[in-house]
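K.L.:
Below is the structure I would like to discuss, written out as structure tokens.
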Amino acid sequence: MENSLSYVNGTSKIPLLGMTIGEMLDYTVDTYPKNEALISVHQNIRWNYKELKQQVDICALGLHNMGLKKGDRIGIWALNRAEWMITQYATAKLGAILVNINPSYKVHELGYVLNQSGCKFLIADEKTQHADYSKIIYELIPHLQYSEPGKLSCVEAPELRTVITLEKNAGPGMFTWNEMMKAGENLSADVLNEIAVTLGFDEPINIQYTSGTTGFPKGATLSHHNILNNGFFVTESLHLKPEDRMIIPVPLYHCFGMVMGNLGCLSHGSTVIYASRAFDPGEVIKTTEKEKATILYGVPTMFHAELYHEDIKKYDVTSLRGGIMAGSICPVELMKKVQEIMKMDDLQIAYGMTETSPVSTQTASDTPFDKRVSTVGKVHPHQEVKIIDPATGLAVKRGEKGELCTRGYSVMLGYWNEPEKTRQAIDSARWMHTGDLATMDDEGYINIVGRIKDMIIRGGENIYPKEIEAFLLTHPKVNSVQVIGVPDEKYGEVVMAWVKIHDGVQIEEDELLSFCKGKIAHYKIPKYFKFVEDFPTTVTGKIRKVEMREISVKELNLSS
């Protein structure tokens, strides 16, 4: 029966995985013991699945011996490295809840996350040129310097007891990673088998903090079932095979890396490759040739950096067959160049949010080119998507704009210790309200057109910033643009554009106004322009339009 409303459900002949992450690891090890599981280039590590499991089990036993129990929270504050994956799987085997901490966080943000989640353990990276993790910890918790390792007790982080550093030598009050591993080396793995029978796949296993553009970040709480299945179905769409070799340059602290990457490969017996600790386009290119990588992940800016890097002509990257681009819509020219130069014919687009584990929609191998660059694909297997009128809560007709909502196995358990914010996001029928404005066409393809909070209402006309941003980007001098609404006495709100131009060019406001006239409706033409070198962002790189509005209102003297 044809459905004229914006509602779809993802059918599938493949059932959901009803197991814990620990059970998935053991199954994959039994099935593909000699398959390469992890190659960490910058650490000179190369393990097959049997060797990876040995490391995971020792880590789990070491943490257990130090007092980490089911339900305890353990923070991991590190860049992409083998210890991240080991910790991810070891904590899952214990039923402990892994708390992902952004490596960019400083003292204030680290303190908030540790306390809001109630972390009992913290694993921190070694010093880099950008951050001294131990120094930040001591600044947050001065008392640590005088504490016996594993017996911390302080007001700054009341529930934190144990800090483990990835430095070779531990500072006062800390354990090293090697000391933790030695604590598990001579213990029987029977302990893990006893724990395994007490674990359920619907139990919480991960907390990921979403970088709110206002207020403090919220901890999306995810289960084994949430993230294991999402990683599996994301990579099913890529037709991932045990012989595939995936480079993951996106950060592991986010779902893109640890779910779509690590768990996607784990569930198919495929190989994970970390080319470098943080994204380095040159290392990605070199590693692709050396390791004959077949799959590559990234956000559009990463693919752009790789394509225009000098090494792209020096190395053979034709082993690549596909990958995933997420984070924002893929520009048409970028998609063409990825297929032309990198030979990635099966580059798929994925959309989602941390609260949905993360992917809700994805393009497929057979998605037409025009849909691949203009939409975020169709609904995922075992999930539902509807687009509603925010005022009535009812599904809108196909083609009409409304709020995208999703329901299914992937919807988070809730925000950690924030029941009211959870109720605001997930309604009584378990629909997750994304806050994104979207449309659905007759074939079920979803197009994200903006954020509800970003929508501008000018004299009763609804204006979607993304539409104006896309238009202004067609001007040859414009590098990037962000559109916001600012107060106006006559219309309530009017359009303002913050514009970043290409290096070496000059532009005047009149030139952009002339460019707009006759090409977009008069009420969409920005009343104000602000030329900038950069946009205010959160620590995870999201544009802070709230801050842009505050700055603009002040500069334009519109507060009255």
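K.L.:
How much mean residue ellipticity at 222 nm does the chain get from its helices, if each DSSP H run of length 4 or more adds -39500 (n - 2.57) and you divide by all residues, to the nearest 500 deg cm²/dmol?
P.N.:
When only DSSP H runs of four or more count, the value is -8500 deg cm²/dmol.
K.L.:
Would you please give the FRET efficiency between Asp370 and Glu547, computed as 1/(1 + (r/R0)^6) with r the Cβ-Cβ distance and R0 = 41 Å, to the nearest 0.05? Please list the in-between numbers first.
P.N.:
Working: r = 35 Å, r/R0 = 0.86.
The pair Asp370/Glu547 has a calculated efficiency of 0.70.
K.L.:
To continue, here is another question. What is the packing order of peptides 243-256, 223-236, taking the mean over residues of other C-beta atoms within 10 Å and listing the highest first?
P.N.:
Descending mean neighbour count gives 223-236, 243-256.
K.L.:
Now for a separate question. What ranking do 463-471, 526-534, 19-27 get when scored by the average of other Cβ atoms within 10 Å per residue, highest first? Present the calculation step by step, with values, prior to reporting the outcome.
P.N.:
On the way: 463-471: 18.8, 526-534: 15.2, 19-27: 21.4.
Ranked by mean Cβ neighbours within 10 Å, highest first: 19-27, 463-471, 526-534.
K.L.:
Sticking with this structure for a sec: Report the local net charge at Ile426: Lys and Arg +1, Asp and Glu -1, summed over other residues whose C-beta lies under 11 Å from its C-beta.
P.N.:
+2
K.L.:
Please list, in order along the stretch 358-364, the HN-Hα scalar couplings obtained from phi with the Karplus expression 6.51 cos²θ - 1.76 cosθ + 1.60 (θ = phi - 60°), rounded to whole Hz, x for Gly and Pro.
P.N.:
For the stretch 358-364, the Karplus curve yields x, 7, 10, 9, 7, 6, 10 Hz.
K.L.:
Work out how much length Lys69 to Lys34 would gain on full extension: take 0.36 nm times their residue separation and subtract the Cα-Cα distance, in nm to one decimal.
P.N.:
9.5 nm
K.L.:
Something else: Across the stretch 344-355, in residue order, what do the Karplus-derived ³J(HN,Hα) couplings come to in whole Hz, using 6.51 cos²θ - 1.76 cosθ + 1.60 with θ = phi - 60° and x for Gly and Pro?
P.N.:
Running phi through 6.51 cos²θ - 1.76 cosθ + 1.60 with θ = phi - 60° gives 8, 5, 9, 8, 9, 9, 10, 10, x, 8, 3, 5 Hz.
K.L.:
Indicate the gyration tensor shape class of the stretch 73-127 (rounded, prolate or oblate), computed on the Cα atoms with a ≥ b ≥ c the square roots of the eigenvalues: a/c under 1.5 is rounded; otherwise a/b larger than b/c is prolate and the rest oblate.
P.N.:
Values: a/c = 2.67, a/b = 1.21, b/c = 2.20.
Judged from the Cα gyration tensor, the stretch 73-127 comes out oblate (a/c at least 1.5, b/c at or above a/b).
K.L.:
Okay, moving on. Protein chains only, probe 1.4 Å: how do Asp30, Asp280 rank by accessible area, largest first?
P.N.:
Of Asp30, Asp280, the descending order of accessible area is Asp30, Asp280.
K.L.:
What shape does the stretch 393-484 take by its C-alpha gyration tensor, where a ≥ b ≥ c are the square roots of the eigenvalues and a/c under 1.5 counts as rounded, a/b above b/c as prolate, and the rest as oblate?
P.N.:
It is prolate, given that a/c is not under 1.5 and a/b is the larger ratio.
K.L.:
On to the next question. Output ³J(HN,Hα) for the stretch 465-481: one whole-Hz value per residue in order, computed from phi by the Karplus curve 6.51 cos²θ - 1.76 cosθ + 1.60 with θ = phi - 60°, and x for Gly and Pro.
P.N.:
So the Karplus estimates, Gly and Pro as x, are x, 4, 5, 6, 4, 4, 5, 5, 5, 7, 6, x, 8, 8, 8, 7, 8 Hz.
K.L.:
Between [x] 66; [y] 61; [z] 50, which matches percent of Cα pairs over 31 Å apart calculated for the structure shown?
P.N.:
Comparing each candidate, only [z] matches the computed number.
K.L.:
Taking only Cα atoms, what is the 0 to 90° angle, nearest 10, from helix 107-117's long axis to the longest principal axis of the chain?
P.N.:
Helix 107-117 sits roughly 70 degrees off the main axis of the chain.
K.L.:
Any chance you could give the angle, 0 to 90 degrees and rounded to 10, that helix 21-31 forms with the longest Cα principal axis of the chain?
P.N.:
Once rounded, one gets 70 degrees.
K.L.:
How far is it, in nm, from the label point at Thr318 to the one at Lys527 when both lie 7 Å from their Cα along the line to the Cβ?
P.N.:
With each label placed 7 Å out from Cα toward Cβ, I get 5.7 nm.
K.L.:
If you fit an axis through the alpha-carbon atoms of helix 281-291 and take the longest principal axis of the Cα set of the chain, what angle between them do you get, 0 to 90°, nearest 10?
P.N.:
Helix 281-291 and the main axis of the chain meet at about 50 degrees.
K.L.:
Leaving ligands, DNA and RNA out of it, rank His42, His475 by accessible area with a 1.4 Å probe, largest first.
P.N.:
Per-residue accessible area, sorted high to low, gives His42, His475.
K.L.:
Can you tell me which of 166-179, 415-428 comes out highest on packing, and rank the rest after it, using the mean Cβ neighbours within 10 Å? Could the numbers behind the result be given before it?
P.N.:
On the way: 166-179: 16.7, 415-428: 14.9.
Ranking the peptides 166-179, 415-428 by packing returns 166-179, 415-428.
K.L.:
Per 0.36 nm of contour for each residue apart, how much would the distance between Tyr27 and Leu394 grow if the chain were fully extended, relative to their Cα-Cα spacing?
P.N.:
So the extension gain works out to 127.8 nm.
K.L.:
Where a ≥ b ≥ c are the square roots of the eigenvalues of the C-alpha gyration tensor, would you call the stretch 1-133 rounded, which needs a/c under 1.5, or, failing that, prolate if a/b is larger than b/c, or oblate?
P.N.:
The shape class here is oblate.
K.L.:
Sorting Asp202, Asp311 by accessible area (1.4 Å probe), largest first, what list results?
P.N.:
Heavy-atom accessible area, descending, gives Asp202, Asp311.
The values are calculated or read from the model by the stated rules, or taken from the named source; none is laboratory data. Since the structure is predicted, the reported quantities are computational estimates derived from the model, not experimental observations. Neighbour counts run over all protein chains shown; Cβ positions are idealised from the backbone, glycine included. The accessibility values were calculated without ligands, DNA or RNA, using every heavy atom of the protein model including side chains. Shrake-Rupley method; radii C 1.70, N 1.55, O 1.52, S 1.80 Å.
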